[in-house]
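Have a look at the structure below, then the notes.
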Amino acid sequence: MRRTATVVLAGGLLLTASPLTAPAHAATRPAPKISGAAGYLMDLKTGKSVFSKSDSTRRQMASTTKVATAITVLTTKGLDLNRKLTVKQSYRDYVAREKGSTADLKTGDKLTVRQLLHALMLPSGCDAAYALADAFGKGTTTAARTKSFIGMMNKKAADLKLKNTKFDSFDGISPGGQNYTTPSDLTKLAKHAFSNQLFRDVVKTRTYHATATAANGKKRYYTWTNTNTLLGSYQGMVGIKTGSGSKAGKCLVFAATRGSKTYIGVVLNGPDRFRDAEKMLNHAFGTTGAKSVKLRTMPVDAPRD
């Protein structure tokens with residue numbers, strides 16, 4: 001008879017042991033070679049590292065910045081997820097000017113904070129990031145509020161003792177090049193974010209449908225697809241966030257659960273970031289000989305990040 005056990009992680013995550021649980025000696029196997037310039041993988045429960053490559057070198061992180069954006073919103077005192085925010089034309093102008101990834105939010109539409117968190121994390125909407133920063137920062141102008149919000153993100157990093165992390169952006173589009181982290185820091189930030197139930201629910205969602213109220217009072221329908229194509233492809237994948245930029249390269253924050261084990265990690269500047277994540281996770285789960293998975297196909301009109 002097979003025995004199973006239930007383990008409760010921080011934030012109430014329930015995991016059940018199974019024969020897929022990684023063996024204790026997994027970390028002693030030869031480390032995989034990855035395309036990423038840097039990477040890190042941690043056991044979520046113990047916080048122990050099971051893989052590292054240049055994990056303390058500061059690098060730009062592109063849209064993986066939005067992990068900090070999301071958890072800063074989610075840990076705001078008195079958060080009302082049903083609060084409705086109005087999309088400003090300036091959000092669309094910003095995305096067009098910066099050529100940022102977008103949730104294609106329409107000017108005048110009213111969406112809830114909950115909906116905007118999905119718009120932020122699935123299609124990597126810089127317009128959604130702008131809306132949230134504008135709403136949750138403090139000040140009398142949009143510029144003051146977004147600056148205040150970035151300050152909140154930096155306070156979050158300081159509270160978590162992430163000494164090699166700094167934000168000068170609410171979405172990863174860095175105006176001064178001072179938006180950086182390290183793989184180990186970003187993994188610790190993701191671990192903190194993963195303790196939040198709604199964060200976990202959002203980042204594991206493949207497709208999200210939202211009904212907003214347009215400026216004319218009619219209904220507007222949005223559909224957002226998660227840019228992390230390992231979701232639905234790699235067994236146990238539960239998130240978290242893609243990112244890409246000219247200086248940052250291809251980036252990925254990811255997590256997967258099998259049996260009683262959850263691993264959470266980061267690849268920075270990885271041309272083959274999804275395969276890198278596979279290799280790191282297979283190493284941890286003890287399935288290093290596994291055949292590479294076929295990545296989930298994205299709709300042709302869905303944003304890439």
- Taking region 179-226 and keeping only residues that are of a type in the set (A, V, I, L, M), out of contact with any Gly (no Cβ under 8 Å at 6 or more places or on another chain) and over 19 Å from ALA256 (Cβ atoms), one is left with LEU198, ALA210, ALA212
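Out of everything in region 236-269 that is of a type in the set (Ser, Thr, Tyr) and within 10 Å of MET61 (Cα to Cα), what residue ends up being surrounded by the fewest Cβ atoms within 10 Å (Cβ to Cβ)? Reasoning before the result, please.
Of all residues in region 236-269, those of a type in the set (Ser, Thr, Tyr) come to 242, 244, 246, 257, 260, 262-263.
If we keep only those that are within 10 Å of MET61 (Cα to Cα) as well, we get 242, 244.
Details: THR242: 26, SER244: 20.
Among residues in region 236-269 that are of a type in the set (Ser, Thr, Tyr) and within 10 Å of MET61 (Cα to Cα), the one surrounded by the fewest Cβ atoms within 10 Å (Cβ to Cβ) is SER244.
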- Message: Consider region 201-223. How many of its residues are in contact with a Phe, Trp or Tyr (Cβ under 8 Å, 6 or more places away or on another chain) and farther than 22 Å from MET298 by Cβ?
- Response: 2
- Task: Could you grab me the full set of residues in region 201-235 that are free of Cβ contacts under 8 Å to residues at least 60 places away in the same chain and crowded, with 16+ Cβ neighbours inside 10 Å?
- Result: LYS204, ASN228, TYR234
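Which of the residues that make up region 110-133 are open to solvent by 10 Å² or more (accessible area, probe 1.4 Å) and over 19 Å from LEU198 (Cα atoms)? So that I can check it myself, show each step before the final result.
Applying the first criterion (open to solvent by 10 Å² or more (accessible area, probe 1.4 Å)) to region 110-133 yields 110, 112, 114-115, 118, 130.
LYS110, TYR130, listed by residue number.
Just one of VAL73, VAL87, VAL95, VAL113 is hydrophobic (A, V, I, L, M, F, W, C), modelled with pLDDT of 95 or more, more than 20 Å from the chain's Cα centre (by Cα) and more than 23 Å from TYR263 (Cβ to Cβ); which is it? Steps first, please.
Details: VAL73 fails: more than 20 Å from the chain's Cα centre (by Cα); VAL95 fails: more than 20 Å from the chain's Cα centre (by Cα); VAL113 fails: more than 20 Å from the chain's Cα centre (by Cα).
Matching residue, one of VAL73, VAL87, VAL95, VAL113: VAL87.
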- ALA158: passes all of (1) crowded, with 18+ Cβ neighbours inside 10 Å; (2) closer than 25 Å to GLN60 by Cα but (1)
- The one condition in (1) in contact with a helix residue (DSSP H, G or I) (Cβ under 9 Å, 6 or more places away or on another chain); (2) crowded, with 21+ Cβ neighbours inside 10 Å; (3) within 16 Å of SER35 (Cβ to Cβ) that SER292 fails to fulfil: (2)
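Return the residue satisfying two criteria in turn: it lies in region 270-288 and is in a loop (DSSP other than H, G, I, E, B) and closer than 13 Å to ALA31 by Cα, and of such residues it is most open to solvent (accessible area, probe 1.4 Å). So that I can check it myself, show each step before the final result.
First, the residues of region 270-288 that are in a loop (DSSP other than H, G, I, E, B): 270-272, 286-288.
Filter once more, keeping what is closer than 13 Å to ALA31 by Cα: 286-288.
On the way: GLY286: 35, THR287: 43, THR288: 84 Å².
Within region 270-288, the match that is most open to solvent (accessible area, probe 1.4 Å) is THR288.
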- Taking the residues in region 56-76 that are open to solvent by less than 40 Å² (accessible area, probe 1.4 Å) and part of a loop (DSSP other than H, G, I, E, B) as candidates, determine which candidate is nearest to THR187 (Cα to Cα). MET61
- Item | Every residue from region 161-193 that is surrounded by fewer than 24 Cβ atoms within 10 Å (Cβ to Cβ), over 17 Å from ILE264 (Cα atoms) and not hydrophobic (A, V, I, L, M, F, W, C) | LYS161, LYS163, ASN164, LYS166, ASP168, SER174, PRO175, GLY176, GLY177, GLN178, TYR180
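Determine which member of the set THR165, THR181, THR146 is out of contact with any strand residue (DSSP E or B) (no Cβ under 9 Å at 6 or more places or on another chain), under 16 Å from LYS66 (Cα atoms) and of a type in the set (S, T, N, Q). First the steps, then the outcome.
Values: THR165 fails: out of contact with any strand residue (DSSP E or B) (no Cβ under 9 Å at 6 or more places or on another chain); THR181 fails: out of contact with any strand residue (DSSP E or B) (no Cβ under 9 Å at 6 or more places or on another chain).
Sole residue among the options that is out of contact with any strand residue (DSSP E or B) (no Cβ under 9 Å at 6 or more places or on another chain), under 16 Å from LYS66 (Cα atoms) and of a type in the set (S, T, N, Q): THR146.
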- Just one of the numbered conditions (1) part of a strand (DSSP E or B); (2) without any contact (Cβ under 8 Å) to a residue 60 or more places away in the chain is not true of GLY265; which one? (2)
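The values are calculated or read from the model by the stated rules, or taken from the named source; none is laboratory data. Every value quoted in this text rests on a predicted model; they were computed, and no experiment measured them. Using ideal geometry, Cβ is built from the backbone for each residue, glycine included, and neighbour counts are taken over all protein chains shown. For the accessible areas, the whole protein counts, side chains as well, though only heavy atoms, and no ligand, DNA or RNA atoms are used. Shrake-Rupley method; radii C 1.70, N 1.55, O 1.52, S 1.80 Å.
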